[in-house]
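To start, the structure itself, in structure tokens.
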Amino acid sequence: MIDLIGRQEMFFVATADAGGNCDCSPRFGKPGFISVIDETTLAYPEFRGNGVFASLGNILENPHIGLVFVDFFDTTVGLHVNGLAHSYQPDKLPRSIAEHLLDGDSKNVRIVERWVVVTVEEAYIHCSKHVPRLSKLQKPIDWGTDDVIAKSNDYFVDDTDCEHGSHPQS
């Protein structure tokens, strides 16, 4: 499980607010962006995103969290991880966790807005029989950009409202 998590460049995070209203969002990063602190603790960075903060807001109201990791490129195995989450500003992390996280890529540490630390309560496999095997294509990624065109912030906006040209509509 630790090895699978360490290879991932994306996962899905599910949270719910105090009223049970759910949110599920993907998270992306370079392989190893999800850190396994120990057998019951994971941490992942929250980078600047779309500015909605649904997951972080939910965690403040309800710390229960579900993470789903799927290896689309090799084993096609998935992993469910459920637990309790706490969100920290980078300079407010508990010392033992901060020491582990700061051993990584210092360039990425500067663009992390918050760290989410998950205490794992359960982890189990998602079988691979229906998971498609995908091929990865190269794509340049500008981590931490605020460029609205690169972020496709207006992808679902009607062309009459869009300054940046034509976009497919849903």
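The values are calculated or read from the model by the stated rules, or taken from the named source; none is laboratory data. Predicted model, so just to flag it, every value in this text is computed and none were measured. Please note: Cβ atoms are built from the backbone with ideal geometry, for glycine as well, and neighbour counts cover all protein chains shown. Remember, those area values only see protein heavy atoms, side chains included, never the ligands or the DNA or RNA. Shrake-Rupley method; radii C 1.70, N 1.55, O 1.52, S 1.80 Å.
Can ARG114 be described as modelled with pLDDT of 90 or more and in contact with a helix residue (DSSP H, G or I) (Cβ under 9 Å, 6 or more places away or on another chain)? Against the criterion (modelled with pLDDT of 90 or more and in contact with a helix residue (DSSP H, G or I) (Cβ under 9 Å, 6 or more places away or on another chain)), ARG114 qualifies. Applying the criterion of being under 14 Å from the mean Cα position of the chain (by Cα) and at pLDDT 95 or above to the residues of the range 45-75, the residue that is surrounded by the fewest Cβ atoms within 10 Å (Cβ to Cβ) is VAL68. Scanning the range 1-59 for residues that are assigned to a loop (DSSP other than H, G, I, E, B) and of a type in the set (Phe, Trp, Tyr) yields PHE33, PHE53. Among residues of the range 134-154 that are more than 27 Å from GLY78 (Cα to Cα) and open to solvent by less than 80 Å² (accessible area, probe 1.4 Å), those with a beta-carbon under 9 Å from a residue that is of a type in the set (A, V, I, L, M) and modelled with pLDDT under 75 at least six positions away or on a different chain give the pairs ASP154/VAL148.
Selection of the range 114-127 for residues being without any contact (Cβ under 8 Å) to a residue 60 or more places away in the chain and surrounded by 14 or more Cβ atoms within 10 Å (Cβ to Cβ) yields only HIS126. Go through the residues of the range 2-13 one by one and say whether even a single one is surrounded by 19 or more Cβ atoms within 10 Å (Cβ to Cβ) and in contact with a helix residue (DSSP H, G or I) (Cβ under 7 Å, 6 or more places away or on another chain). Yes. Taking first residues from the range 1-19 that are over 17 Å from VAL116 (Cα atoms) and partners that are of a type in the set (S, T, N, Q) and surrounded by 17 or more Cβ atoms within 10 Å (Cβ to Cβ), the Cβ contacts under 8 Å between residues at least 6 apart in sequence or on separate chains come to ALA18/ASN62.
The condition of being small (Gly, Ala, Ser), modelled with pLDDT of 90 or more, under 18 Å from the mean Cα position of the chain (by Cα) and open to solvent by less than 80 Å² (accessible area, probe 1.4 Å) holds for only one of GLY104, GLY78, that being GLY78.
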